[in-house]
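First up is the structure itself, then whatever we jot down about it.
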Amino acid sequence: MLLPVKKILAPTDYSELSYKGVVAADELARHFGAELLLINVVTSMQVLQPIDSTIQTSYQISNMFEDFMDIARANMDFVINKKVSDGVVNRSFVLSGSPAEEIVKLASEENVDAIVIATHGFTGWRRIVFGLVAERVVRFAECPVITIPAGKDEK
């Protein structure tokens with residue numbers, strides 16, 4: 001990491017463990033007077049409409065993904081209000097797609113100096129599911145990545 005640090009990116013999936021990364025990024029942003037960028041990525045999903053027009057659905061499936069995005073935006077506002085210190089300049093991004101790809105892409109587009117990401121610290125199958133995003137970000141990011149591990153009691 002080259003000093004001075006001007007932009008820090010902190011991904012969150014709105015889990016308590018991901019907040020450890022947000023809090024660490026906030027501390028670094030305060031220390032360096034850096035801008036804090038927060039990102040959440042809503043994973044893309046296939047939305048199916050009934051082929052047979054006689055099939056009735058009680059919910060407009062086409063609205064479901066937009067509802068997920070709205071919830072993610074509301075959650076981001078909550079995170080900013082509860083986890084980001086007063087006086088820390090911040091911007092937030094709620095995107096859709098592959099989490100690791102979108103995090104790395106945004107880091108590049110915004111020319112961030114560091115990414116601070118929590119690792120879930122799981123082993124076995126849970127590591128495959130939950131630790132893969134952090135692992136991919138470390139592998140593909142063009143800037144330094146600071147990983148914040150889960151505590152022993154949180155694994």
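The values are calculated or read from the model by the stated rules, or taken from the named source; none is laboratory data. These figures come from a predicted structure and were not determined experimentally. Note that we place each Cβ from the backbone using ideal geometry, even for glycine, and neighbour counts take in every protein chain shown.
So the values come out like this:
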item: Looking only at the range 31-59, and only at residues there that are in contact with a strand residue (DSSP E or B) (Cβ under 9 Å, 6 or more places away or on another chain) and β-branched (Val, Ile, Thr), the one that is modelled with the lowest pLDDT; result: THR43
item: Some residue of the range 60-72 being at pLDDT below 95, out of contact with any Pro (no Cβ under 6 Å at 6 or more places or on another chain) and assigned to a loop (DSSP other than H, G, I, E, B); result: yes
item: Residues of the range 1-26 satisfying the condition of being in a strand (DSSP E or B) and either at pLDDT below 90 or closer than 13 Å to ASN90 by Cβ (or both); result: LYS7, ILE8, LEU9, ALA10
item: Pairs with Cβ under 6 Å, 6+ apart, first in the range 130-149 and more than 23 Å from VAL5 (Cα to Cα), second of a type outside the set (A, V, I, L, M, F, W, C) and surrounded by 15 or more Cβ atoms within 10 Å (Cβ to Cβ); result: PHE130/HIS120; GLY131/THR119; GLY131/HIS120; VAL133/PRO99
item: Total residues in the range 83-99, condition farther than 23 Å from SER44 by Cβ and either within 16 Å of the chain's Cα centre (by Cα) or surrounded by 15 or more Cβ atoms within 10 Å (Cβ to Cβ) (or both); result: 4
item: Count of the range 27-40 residues which are surrounded by 21 or more Cβ atoms within 10 Å (Cβ to Cβ) and in a helix (DSSP H, G or I); result: 1
